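Colleague: Pasting a structure here, questions to come.
The values are calculated or read from the model by the stated rules, or taken from the named source; none is laboratory data. What you see is a predicted model; the values in this text were computed from it and never measured. Please note: Cβ atoms are built from the backbone with ideal geometry, for glycine as well, and neighbour counts cover all protein chains shown.
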Amino acid sequence: MGRVLTDEQVDSYHRDGFLVVPGFVGPQALAELKAAAERIVDEFVPPARPTVFTTNEQERVSDREFLASGSRVSCFFEEEAFLADGSLRQAKLLSINKLGHAMHDLVPEFQRFTYTSDLAGAVADIGLTDALALQSMYIFKQPHIGGEVGCHQDATFLYTAPVTVTGCWFAVEDATLENGCLWAAPGGHRTSLRKVFKRLGGPGPEGDDAGTEFDVLDTAPLPTAPDDLVPVEVPAGTLVLLHGLLPHWSDVNRSSTSRHAYTVHCVSAAADYPEWNWLQRPAGMPLHRLDSPANEEASPR
């Protein structure tokens, strides 16, 4: 596995806590991923009580579907997707907040997109040489109702000791100020972890426990969004690498343009992954190294 990033890019990542890599993915791969995501939504039959993904971390939903989604492909609705009578405000395809959280191991198109030598090499270049692909999210950031994601640190939700979680965020569509691009705090990763998000009642991957809670580690506030952050406006095909302690945020999308993105979070195989992390997978569904040919094991969803 050869070098993917330059020395200057590696230095920039360690200085700022994030790195923008333009042109990392070509248009054909993006189109295949987007088509697969839209197919999943098209085939999705909403339950009587649909799961809404609450993007404000203080009110984050922790229902059974969410807690079991580490080993599934689940659809989560936008908070503003529904009218007062419970019907959808707009078409189903324009109402889903995200897919999560095991597409990278269950959906062939997502596997092919995720397990590549280029991505494994980029992550290794910044120091994660034994990266395991832990979770995946396809985020729609829907026109008019795409929800805000409050300022947070990824290590809050995917904790390891030591902290190793690294976000690999791909712009499937152009990300702009108007449609809710990422914002980040340069250098903000050189700080403490403020809190961790814990599963209560044990590690059961089927989500049959008592819910979740935040355990506060440091009461120092995170940067105020957007005042203390910088926008990360990027064209489709860009990879953004995110340190697990980096505070980042994205605003609501009130524009008429969606902002599709795909995120893979990786952790070190050598780090401890506590049983109280909300995302758990059953024993028969191990994590794969990012540099492994796991996509050869693809099975139909």
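Colleague: So which strands (runs of 3 or more DSSP E) are wholly in region 136-201 and hold at least 1 residues that are among the hydroxyl-bearing types (Ser, Thr, Tyr) and buried (at least 22 other Cβ atoms within 10 Å of the Cβ)? Please lay out each step first, then the result.
Modeller: Numbers: elements: 149-152, 166-171, 182-184, 195-200.
Strands (runs of 3 or more DSSP E) meeting the threshold: 166-171.
Colleague: Next question. Of the conditions (1) more than 22 Å from TYR159 (Cα to Cα); (2) not in a strand (DSSP E or B), THR219 satisfies every one except a single condition; which number is it?
Modeller: With (1) more than 22 Å from TYR159 (Cα to Cα); (2) not in a strand (DSSP E or B) applied to THR219, the lone miss is (1).
Colleague: Here's another thing I want to ask about it. Spot the failing condition for ALA122; the list is (1) assigned to a loop (DSSP other than H, G, I, E, B); (2) surrounded by 23 or more Cβ atoms within 10 Å (Cβ to Cβ); (3) of a type in the set (Gly, Ala, Ser), and only one is missed.
Modeller: In the conditions (1) assigned to a loop (DSSP other than H, G, I, E, B); (2) surrounded by 23 or more Cβ atoms within 10 Å (Cβ to Cβ); (3) of a type in the set (Gly, Ala, Ser), ALA122 misses (1) alone.
Colleague: Pick from region 79-117 the residues that are over 19 Å from ARG259 (Cβ atoms) and in a strand (DSSP E or B): which of them is modelled with the highest pLDDT? Show your work before the answer.
Modeller: Pass one, region 79-117, residues over 19 Å from ARG259 (Cβ atoms): 82-88, 101-102, 104-109, 111-112, 114-117.
From what is left, the residues that are in a strand (DSSP E or B) are 82, 88, 101.
Numbers: PHE82: 90, LEU88: 90, HIS101: 96.
In this case the residue turns out to be HIS101.
Colleague: Can you tell me which residues in region 230-264 are within 24 Å of LEU128 (Cβ to Cβ) and in a loop (DSSP other than H, G, I, E, B)?
Modeller: GLY237, THR238, GLY244, LEU245, LEU246, PRO247
Colleague: Out of all the residues in region 51-78, which are modelled with pLDDT under 90 and assigned to a loop (DSSP other than H, G, I, E, B)? Lay out the reasoning, then the answer.
Modeller: Taking region 51-78 and keeping what is modelled with pLDDT under 90, we get 51-68.
Within region 51-78, THR51, PHE53, THR54, THR55, ASN56, ARG60, VAL61, SER62, ASP63 qualify.
Colleague: Related question: Can you confirm whether GLU8 is of a type outside the set (Ser, Thr, Tyr), without any contact (Cβ under 8 Å) to a residue 12 or more places away in the chain and not in a loop (DSSP other than H, G, I, E, B)?
Modeller: On the way: of a type outside the set (Ser, Thr, Tyr): yes; without any contact (Cβ under 8 Å) to a residue 12 or more places away in the chain: yes; not in a loop (DSSP other than H, G, I, E, B): yes.
Judged against the criteria, GLU8 is a match.
Colleague: Follow-up. Out of region 265-278, which residues are outside any strand (DSSP E or B) and surrounded by fewer than 22 Cβ atoms within 10 Å (Cβ to Cβ)?
Modeller: Keep residues of region 265-278 that are outside any strand (DSSP E or B), which gives 269-271, 273-276, 278.
Of everything in region 265-278, those that are outside any strand (DSSP E or B) and surrounded by fewer than 22 Cβ atoms within 10 Å (Cβ to Cβ) turn out to be ALA269, ALA270, ALA271, TYR273, PRO274, GLU275, TRP276.
Colleague: A follow-up question, please. Has region 126-139 got at least one residue that is of a type in the set (Val, Ile, Thr) and under 17 Å from GLU233 (Cβ atoms)?
Modeller: Going through region 126-139, the residues of a type in the set (Val, Ile, Thr) turn out to be 126, 129, 139.
From what is left, the residues that are under 17 Å from GLU233 (Cβ atoms) are 139.
Yes, region 126-139 contains a residue that is of a type in the set (Val, Ile, Thr) and under 17 Å from GLU233 (Cβ atoms).
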